[in-house]
1. Just for segment 230-250: of the residues that are among the β-branched types (Val, Ile, Thr) and over 27 Å from the mean Cα position of the chain (by Cα), which one is surrounded by the most Cβ atoms within 10 Å (Cβ to Cβ)?
2. What do you reckon, is Leu141 among the hydrophobic types (A, V, I, L, M, F, W, C) and closer than 23 Å to Glu195 by Cα?
3. Would you confirm whether or not segment 112-120 contains a residue that is over 18 Å from the mean Cα position of the chain (by Cα) and of a type outside the set (Val, Ile, Thr)?
4. Restricting the search to segment 120-135, which residues are under 15 Å from Asp106 (Cβ atoms) and either without any contact (Cβ under 8 Å) to a residue 24 or more places away in the chain or in contact with a strand residue (DSSP E or B) (Cβ under 6 Å, 6 or more places away or on another chain) (or both)?
5. Has segment 139-153 got at least one residue that is exposed (fewer than 15 other Cβ atoms within 10 Å of the Cβ) and among the charged types (D, E, K, R)?
6. Can you tell me which residue in segment 184-229 is farthest from the chain's Cα centre (by Cα), limited to those that are outside any helix (DSSP H, G or I) and of a type in the set (S, T, N, Q)?
7. Quick one: Thr219 ticks every box in (1) surrounded by 20 or more Cβ atoms within 10 Å (Cβ to Cβ); (2) farther than 20 Å from Pro156 by Cβ; (3) hydroxyl-bearing (Ser, Thr, Tyr) bar one, so which box is it?
8. So Tyr16 clears everything in (1) free of Cβ contacts under 8 Å to residues at least 24 places away in the same chain; (2) more than 17 Å from Ile212 (Cα to Cα) except one condition, right? Which one?
Amino acid sequence: MTSTAFETSKPDAVAYLDRLATSDLGRSYKRRMLDELDLHAGHTALDLGCGPGTDLETLAGAVTPAGAVIGIDHDQDMVEAARARATGRAVVDVRHGDIHDLPVPDRTVDRARTDRVLQHVADPRAALSEIHRVLRPGGRLVMGEPDWETLTVDHPDGDLTRAYTRHVAERVVRNAGIGRQLARLAAESGFSVPEVIAVTPVFRNLHVADRILGLERTTRRAVAAGYFTDETAEAWLTHLRQGPFLAAVTFYIVVAEA
């Protein structure tokens, strides 16, 4: 069930996040999120789930030395990586913390962002309530999340595509439908939601898609979970290898204001 067409070894978490950020897809949606965040000199900006600090330098440049950027992550290894990258930037403060219980005082933040974070958290609604607590009145939150239930991969056997997507939505991603839920959850947490932007990345290159989606590795997990047999998995992967290839998923950028 393997082929040199696919990346069979799971990449290091830091390397994967850096890879996505520097891809055409990553640069495009991150630029749109930054535009919607509307940062200005002197702002205090909060990067929730900052990972290895991929976006901290960009945020720091936007708020200038007159402002402040606070990066928060629950993973201590990510925090240490982000601190190392932020060395020499006095405007950046990286903290170890839980998005459900932020180490930030009430109403002290002008801007906040989450980038593919809420799909993984235990309680997105509680996280949004915490973000609302720390934002100043009129403060802005920009969130970016995929809706994995919209993931589609072209295959002559539509049942195999549906099985693959079900596996991703039911077993791989904790909050698979979070993208389409964001606007409602934000409103229920006290935000107004002036804008929802749907972006649909389309992948036509198998190698590019696989470096983001981990197609062969995910298929192997789907076999173990009972969504594919060995035979249907091989039929699935054979067609993906031989092409033509096409996959797409809807990514939501949601702007919310406190």
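The values are calculated or read from the model by the stated rules, or taken from the named source; none is laboratory data. Only a predicted model underlies this, so the values are computations on that prediction, with no experimental measurement involved. Glycine gets a Cβ as well: all are built from the backbone with ideal geometry, and neighbour counts include every protein chain shown.
1. Going through the qualifying residues, I end up with Thr232.
2. yes
3. The answer is no; no qualifying residue exists.
4. Ile131, Val134, Leu135
5. There is no residue in segment 139-153 that is exposed (fewer than 15 other Cβ atoms within 10 Å of the Cβ) and among the charged types (D, E, K, R).
6. So the residue we want is Thr229.
7. Only one criterion is unmet by Thr219, namely (2).
8. Just one mismatch for Tyr16, condition (2).
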